[in-house]
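Worksheet: one structure, shown below.
The values are calculated or read from the model by the stated rules, or taken from the named source; none is laboratory data. Since the structure is predicted, the reported quantities are computational estimates derived from the model, not experimental observations. A quick note on method: Cβ atoms are made from the backbone with ideal geometry, for glycine too, and the neighbour counts reach across all protein chains shown.
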Number of protein chains: 2
Amino acid sequence: MASTVPPDPVHSNHYVDYVIRYHFGATDSSQATEQLDLLLRKLFDVGLQTEVRQGDESSLLVFVRASRKKSLRRALYQSRIRDWLCGVRNDEPESESSAEPQSESERLRIIYHMITVPKEAGGAGITPKHGEWKNVDAIFPLHDEDMNRQCIKDWSRKTFLSPEDLDQIRNTFGESVGFYFAFLQSYFRFLLFPALFGFSCWLLLGSFSIIYTIVNCLWCIIFIEYWKRQEDDYSCRWQTKGVSAVRTKRREFQPEREVHDESTDEMRGVFPATKRMYRQLLVVPFAMLSAVALGLIIATCFAIEIFISEIYNGPLKTYLVFIPTILLSALIPTMSTVLASIATKLNDYENYETQPAYDVALTQKIFVINFITSYLPIFLTAFVYVPFASLIVPYLDVFHLTVRPFVSKKDATSLRTEFSIDPDRLRKQVIYFTVTAQVVNFAMETIVPMLKQRLFREYKDYNRRKNGRLESENGSETKKEALFDDHPDETKFLTRVRNEADMEDYDVTEDLREMCIQFGYLALFSPVWPLVPVSFLINNWVELRGDFFKICMECKRPWPQRADTIGPWLESLGFLSWVGSITSAALLYMFSNGHEGPNGEPTAIRGWALLLTIFFSEHIYLMVRYAVRAAMTKLEPPNVKKERTERYMMRKRYLESTVAGRSSDDEGDDDADHSMEVSEITRDSLEEDARDWSAHDVDPAERFWMRQKGWKESSHVGANIIKVAEPKAQTKKEQ
Amino acid sequence: MASTVPPDPVHSNHYVDYVIRYHFGATDSSQATEQLDLLLRKLFDVGLQTEVRQGDESSLLVFVRASRKKSLRRALYQSRIRDWLCGVRNDEPESESSAEPQSESERLRIIYHMITVPKEAGGAGITPKHGEWKNVDAIFPLHDEDMNRQCIKDWSRKTFLSPEDLDQIRNTFGESVGFYFAFLQSYFRFLLFPALFGFSCWLLLGSFSIIYTIVNCLWCIIFIEYWKRQEDDYSCRWQTKGVSAVRTKRREFQPEREVHDESTDEMRGVFPATKRMYRQLLVVPFAMLSAVALGLIIATCFAIEIFISEIYNGPLKTYLVFIPTILLSALIPTMSTVLASIATKLNDYENYETQPAYDVALTQKIFVINFITSYLPIFLTAFVYVPFASLIVPYLDVFHLTVRPFVSKKDATSLRTEFSIDPDRLRKQVIYFTVTAQVVNFAMETIVPMLKQRLFREYKDYNRRKNGRLESENGSETKKEALFDDHPDETKFLTRVRNEADMEDYDVTEDLREMCIQFGYLALFSPVWPLVPVSFLINNWVELRGDFFKICMECKRPWPQRADTIGPWLESLGFLSWVGSITSAALLYMFSNGHEGPNGEPTAIRGWALLLTIFFSEHIYLMVRYAVRAAMTKLEPPNVKKERTERYMMRKRYLESTVAGRSSDDEGDDDADHSMEVSEITRDSLEEDARDWSAHDVDPAERFWMRQKGWKESSHVGANIIKVAEPKAQTKKEQ
């Protein structure tokens, strides 16, 4: 069977464009049938061909393809017209009959729009999991397995992805995913320099080197500005520049009232911006709540840890040491999840009109939570534990009381005086977050879900087999393949589709968040341990391949979304780099040599000197950023240039056509007065003319223009004036 | 004669669109005649009518008007097409034959382009004072005197200008000037609040009130962000949005080499951006030079002043007190002029390709000079004199030595110990800069030039009369009117034109600079004396009228330039407001009560506390700015909304036409399979079909799509699956 399947990717997918999983378990059968009828009818109306197959016990798979060329072309043409009107495309699209999708992702995007867009805009209006279509569970295209396998194999032998590889990703998964990989690739390439430089600094200068810190800050600025250029470049290359102007309405948007828009003559739901702003103010208490909730957990665990590892010396110490770690890993994710759900609710409450606005607002809230969980522990060590430990540690006696029964009084008191600050603690922590945590993260993200998926599949199969056995109790054991009433030609294909339908949805912002937080460690704390970029360089090589593997193997293929930027994460990167200029300076001042006191605490730290260092560092950072930004805007990436040239050429063609029109017109022009004879103009002749005009009752202002007929007369008059003036000027000079 | 001139503004200008002053004094007469010939010929070719009259002894006035409707229309149409292609206009311009200028300023702008734009772009290519046209002294339209008089009269009785008044300015002088007045008007209106609030604070709280400072900072943020909105609003109202995208080439641009641009197939002069960047680095030494040169002058004069007024008590004190003021007013303008000329040279050296880029760079350099001259004296008083005077004053003995001969030794020493810091000095200085200097400035700017002009005119007339008398020595005295060989109908008009030709060029950036610097005092130092906004409020009421008077009476009418912003000054305003958040906090901390030492110097100032205050103030400022900015972008000004609606409507019309096309097409569609009979589908029938296909050799992937014919069959299959699954699920549930 397998040998008859041709290697052509589309064929191996049986020309299927989309699969719609229709869930009928929740509603009763007649209603479900009716609804399915409507679904298929709507898809047909829009010009799509359908085939129905069994999904699992409670779902159907509706296979969809755009078989009618005409409908597809029309949808394509319409989408292009819309792009052109919004300024995404430069040139007016060619006629409808010759419209062809330029890439697989464009084809899939158009078909997705045909399925989901409302009837008024020319689509079928299927909204998965929403409203009347709540039975429609998912709409997804099928993975192109051969391509995916090929890519994974190719990339594992490469250091850098070529632009063509990125184009390939974009063609398969759309621009949104393409931008993530482009970013990861640029970031990886840019990390090479700080990795090398950091390694040398680590060898030669050790930690807290001023040179490393300056270079690192500068690198952050240049990287971010460079990436902005790259974004422009890719958005021109992928023809998505300005695509964020085409905003899709959010289905969940609840207008406060319907308003009749007089200028467009439409009913339009509105929600006042001021009201939304008031709601947005809730972000402030939310951020404070997050900070307090997470801060308390982190600070408590931190205090316990210090107490146990550095003060406590009683029984069970070897076991007790793990308490704070266990507490942290149990409480932080729980609290994060709670906070994230609050953030989502807040975001829903803010009631955004468009999907991009909603996403941006949510991303910002998620960033706040992540900022606290990721960086607060190190902040505590650097800016609370090290300078103030000798003041704070005595208060940890609160814990001491609880263990008093176990230790003799003498021991306890002697232990307290022995306490001294561990100067290596900061470094250890940074290493933990930049190496161990990254590896753990990767495993959690890529390997664990795969195992989970496999187990789930086994479990499902086991269940089915058990049920099957129950039914055909006294027959032969049902074969796995024949579980559903599939045609033998399709068994393999359908099994694959069923597996894909069970996979998770892929969310690109999750991966972007991870990279952004990673960048934060580099910007904020890398002077503590200059090997940070080395670790990230290695990690990101694996990360890129791992993420691709994840999309291909563990997630449903995402429908190709367009994008012209990595969105609000760019702003977050800028923010982190800015904060980095502050923390780097502070760390450098506090921990570089010569500030250590007797207990390891830096006694010689002077408040004003620290603040002055920060002040200068921050403002120099801002100035340099301004300069780099100004310089970067002057350098035009190749694709932007190409795009500009195209625009220019189009303009030129238009203008030339109008100028050309003019010169051909001119030949038959009616103003033929330049061939007129020049007559002597004197005071007398002028007065004569004036008398003539008054007889004809000419507008006195118009007379002004009748004294010289044609430019030759004007020229003549001018020459006369010059001639007369010349001797005068000369006499004057002579005088 | 005067009674026959109708009140219609155009008539009183004899329908003249532009006056070109042609200077022939420098070249010999034959060459001048030839050149004049060429000028008139070119103007004619482009479709303009000309009349020549005598200017003064060494110049001609060429009167120009667009008499041929067709040429004007074509130029207008071309300009609109260009706008449309650059995205300035939303809708494709109507056909050439129906194109009419919408306002006087559009008409004048088009004609100016016809005169100045190179031949390739369809103009006459006259470049005043440049290249072959160095004899062409000026190209200017004539003032519309009735309108001007009417406006001055109207406005003197109004508090606020109405939007219609601003439209009037824009229609007369173009958008660039319109934006200046719109800004001034917004600024004036916005000043009302801090003026009132400042006055109450001054009464109730005195200087250095924390409430006033916070409100003032907040006001600055809101004003700037509000103005950005206003800019958008006006640029939509005046249809110039995105006009900065239409960049005019700079004539002075010197390309490094000519490059053949393959994509556009044109020769194009290029100058590498990196090279320009290296040249731009010269700004750094320039800024340092300016700071040092001006700083030295200011600091020296300052030291002399302190010495004389506060230490020195010898003879001639009453006269010596004026020395520093005289020195300052002599040296600072000289030095500023020198620096400004250096800045211009630097800017020329940077060799910008477009005029806007050149202007922006120059503006930035001028801003640096102005920042130093305007604010350094107050900075010195606040941050050097007050905190460090007791350390520095002893070194002023250097001057002491010079006056030692005049005073007895005993006197001198006794005087030195008596020195104490004058805490009121800062306030006095701020009052000087925000009241006295503003008034002096206004006088220098408006009244002095008028007197100068009048005197110059008198002198010219006197000279002429003298010459005339010399020539007609033994005849009757020549009448003033008959000095030139004018037709009596035109004498009055020509006299006026000659006067206008002698006027200065108007430069709007000069006025914007003045306002920007004024805003700086408010942002930076107003906590010192809360009446600052009151003074500015009064000043700006006069300023607005004075500036309008200046344009009308003392300057040539500017040709209407388009703009969609006040340009780089906006950035300067933002910068000043930012610095204001730092200085305000510092001033507040240093001078609010409780910090004064015995000699009036604030001894209790703690470095870390000061820096911490600044740190928090600045970052709170930045956060608030971020929030205000985010909030402001949500509020859409009315004209922006209108513009968006128009764009939306256009898009809708286009899209509707394509959707409409579809439904009419659909009726004759070829896919008629939905009327097909539904047959029972069983495993057997499927296999039968499969056998059929293998006989016909169908693509196996295609077979997948042939099992269900039409959506009704699909629906039927689906219903079957649901029916079969239902009991199973129920059995499962029951189990």
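Looking only at residues in segment B:114-129 that are closer than 26 Å to B:Phe493 by Cα and not in a loop (DSSP other than H, G, I, E, B), which one is farthest from the other protein chains (Cβ to nearest Cβ)?
If we take residues in segment B:114-129 being closer than 26 Å to B:Phe493 by Cα and not in a loop (DSSP other than H, G, I, E, B), then B:Thr116 is farthest from the other protein chains (Cβ to nearest Cβ).
Could you tell me how many of the residues in segment A:31-40 are within 7 Å of chain B (Cβ to nearest Cβ) and either in contact (Cβ under 8 Å) with a residue 12 or more places away in the chain or surrounded by fewer than 17 Cβ atoms within 10 Å (Cβ to Cβ) (or both)?
The qualifying residues number 3.
Does B:Cys552 satisfy the criteria of being more than 30 Å from A:Arg703 (Cβ to Cβ) and either in a helix (DSSP H, G or I) or touching a Ser or Thr at 6+ places or on another chain (Cβ under 7 Å) (or both)? Before the answer, list the steps.
Numbers: more than 30 Å from A:Arg703 (Cβ to Cβ): no; either in a helix (DSSP H, G or I) or touching a Ser or Thr at 6+ places or on another chain (Cβ under 7 Å) (or both): yes.
No.
Would you be able to tell me the number of residues in segment B:233-245 that are touching a helix residue (DSSP H, G or I) at 6+ places or on another chain (Cβ under 7 Å) and more than 17 Å from B:Phe181 (Cβ to Cβ)?
Residues in segment B:233-245 being touching a helix residue (DSSP H, G or I) at 6+ places or on another chain (Cβ under 7 Å) and more than 17 Å from B:Phe181 (Cβ to Cβ): 3 in total.
I'd like to verify a number: residues in segment B:226-247 that are among the charged types (D, E, K, R) and over 21 Å from B:Pro356 (Cα atoms), how many?
Within segment B:226-247, the subset among the charged types (D, E, K, R) is B:228-229, B:231-233, B:237, B:241, B:247.
Right, trim to over 21 Å from B:Pro356 (Cα atoms) and you get B:229, B:233, B:237.
So the answer is 3.
Only one residue in A:Leu76, A:Leu85, A:Leu72 is within 33 Å of the chain's Cα centre (by Cα) and farther than 22 Å from B:Lys652 by Cβ, so which one is that?
Result: A:Leu72 is the single residue among A:Leu76, A:Leu85, A:Leu72 that is within 33 Å of the chain's Cα centre (by Cα) and farther than 22 Å from B:Lys652 by Cβ.
Exactly one condition in (1) of a type in the set (D, E, K, R); (2) more than 22 Å from B:Gly520 (Cβ to Cβ); (3) within 31 Å of the chain's Cα centre (by Cα) is not met by B:Asp359; state its number.
All conditions pass for B:Asp359, except number (2).
Which number in (1) loosely packed, with under 12 Cβ neighbours inside 10 Å; (2) part of a helix (DSSP H, G or I) marks the one condition that B:Gln254 misses?
Answer for B:Gln254: the failing condition is (2).
Of all residues in segment B:47-87, which are small (Gly, Ala, Ser) and without any contact (Cβ under 8 Å) to a residue 24 or more places away in the chain?
Of everything in segment B:47-87, just one residue is small (Gly, Ala, Ser) and without any contact (Cβ under 8 Å) to a residue 24 or more places away in the chain, namely B:Ser67.
Which residues, counting only those in segment A:473-512, are at pLDDT 75 or above and among the hydrophobic types (A, V, I, L, M, F, W, C)?
A:Phe493, A:Leu494, A:Val497, A:Ala501, A:Met503, A:Val508, A:Leu512
When segment A:605-621 is examined, which residues are found to be surrounded by fewer than 14 Cβ atoms within 10 Å (Cβ to Cβ) and at the interface with chain B (Cβ under 7 Å from one of its Cβ atoms)?
Scanning segment A:605-621 gives a single hit, A:Gly607.
Just to be sure before I move on: is A:Val62 facing chain B (nearest Cβ under 9 Å) and either closer than 30 Å to A:Tyr648 by Cβ or not small (Gly, Ala, Ser) (or both) in the structure I sent? Even if it seems obvious, please write down each step before you answer.
On the way: facing chain B (nearest Cβ under 9 Å): yes; either closer than 30 Å to A:Tyr648 by Cβ or not small (Gly, Ala, Ser) (or both): yes.
Yes, satisfied.
Only helices (runs of 4 or more DSSP H) wholly contained in segment A:585-702 count here; list those with 2 or more residues that are of a type in the set (D, E, K, R), at pLDDT below 85 and within 30 Å of B:Met267 (Cβ to Cβ).
Because the criterion is at least 2 residues that are of a type in the set (D, E, K, R), at pLDDT below 85 and within 30 Å of B:Met267 (Cβ to Cβ), the helices (runs of 4 or more DSSP H) in segment A:585-702 that meet it are A:638-666.
Is it the case that segment A:272-292 has a residue that's in the same structural domain as A:Val628 (by TED's automatic domain parsing), within 30 Å of B:Glu656 (Cα to Cα) and either at pLDDT 80 or above or not β-branched (Val, Ile, Thr) (or both)?
Yes, there is a match, as at least one residue in segment A:272-292 is in the same structural domain as A:Val628 (by TED's automatic domain parsing), within 30 Å of B:Glu656 (Cα to Cα) and either at pLDDT 80 or above or not β-branched (Val, Ile, Thr) (or both).
For segment A:73-113, name all the residues that are part of a helix (DSSP H, G or I), away from every other protein chain (no Cβ under 12 Å) and modelled with pLDDT of 80 or more. Spell out how you get there, then give the answer.
Narrowing segment A:73-113 to residues part of a helix (DSSP H, G or I): A:73-86, A:96-98, A:104-113.
In the following step, the residues that additionally are away from every other protein chain (no Cβ under 12 Å) were identified as A:98, A:104-113.
Of everything in segment A:73-113, those that are part of a helix (DSSP H, G or I), away from every other protein chain (no Cβ under 12 Å) and modelled with pLDDT of 80 or more turn out to be A:Glu104, A:Ser105, A:Glu106, A:Arg107, A:Leu108, A:Arg109, A:Ile110, A:Ile111, A:Tyr112, A:His113.
Any idea how many residues of segment B:48-59 are within 8 Å of chain A (Cβ to nearest Cβ), more than 20 Å from A:Arg703 (Cβ to Cβ) and not acidic (Asp, Glu)?
1
Enumerate the pairs (first residue in segment A:113-130 and touching a residue at least 12 places away in the same chain (Cβ under 8 Å); second residue anywhere and loosely packed, with under 13 Cβ neighbours inside 10 Å) with beta-carbon separation below 7 Å, excluding pairs fewer than 6 apart on the same chain, so at least 6 apart or on different chains.
A:Gly125/A:Lys119; A:Thr127/A:Arg251; A:His130/A:Arg251
Tell me yes or no: at least one residue of segment A:513-533 is crowded, with 19+ Cβ neighbours inside 10 Å and among the polar types (S, T, N, Q).
Among the residues of segment A:513-533, at least one is crowded, with 19+ Cβ neighbours inside 10 Å and among the polar types (S, T, N, Q), which makes the answer yes.
For A:Ser244, all conditions in the list (1) in contact with an Asp or Glu (Cβ under 9 Å, 6 or more places away or on another chain); (2) part of a loop (DSSP other than H, G, I, E, B) hold save one; what is the number of the exception?
(2)
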